[in-house]
Each structure stands twice: as structure tokens, then as C-alpha cells.
């Protein structure tokens, strides 16, 4: 995670496995610094689509971060 483009510090010390097999909206959340810093990540998973036709590509998914709250 970066804050205002700053990458020199590890702002969050947690790791997570993101679910990407099933389409939908997902949320990860937690706290850092003994409960002083709350964070939340929302992301969406959708079918990857062929650029030319817009049809879903079987077995391929894409995800996008929707919102990071800190």
C-alpha cells in the first residue's frame, strides 16, 4: 500500500489471499498499530472480456480495486 505516492514505509503489515474465482464484490478490513489505524479494501471480480467483441473469455477473470479506506 502506498500513501500519497510514498513507498518507503510498509504502512500495512498484513497479507491476504484475494478470492478471484467467483464474480462479485469483496471486502477485506483490519486494524494496524494496536487498533489506531483502520483499513478497508473493496474489490470487484468480473469475467475478462475479449477486447474486439466484449464477450466473456471462459476461465479468465479480472479484478479491480474499488476503494481503499484508511
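Structure data summary
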item	result
Residue check for residue 11: modelled with pLDDT under 80 and touching a strand residue (DSSP E or B) at 6+ places or on another chain (Cβ under 7 Å)	yes
Extreme residue, surrounded by the most Cβ atoms within 10 Å (Cβ to Cβ), among residues of segment 41-66 that are over 11 Å from residue 25 (Cα atoms) and under 14 Å from the mean Cα position of the chain (by Cα)	61
Residue in segment 26-45 that is at pLDDT below 75 and part of a loop (DSSP other than H, G, I, E, B) present	yes
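The values are calculated or read from the model by the stated rules, or taken from the named source; none is laboratory data. Treat the numbers as computed from the prediction; the structure is a model and nothing was measured. A quick note on method: Cβ atoms are made from the backbone with ideal geometry, for glycine too, and the neighbour counts reach across all protein chains shown.
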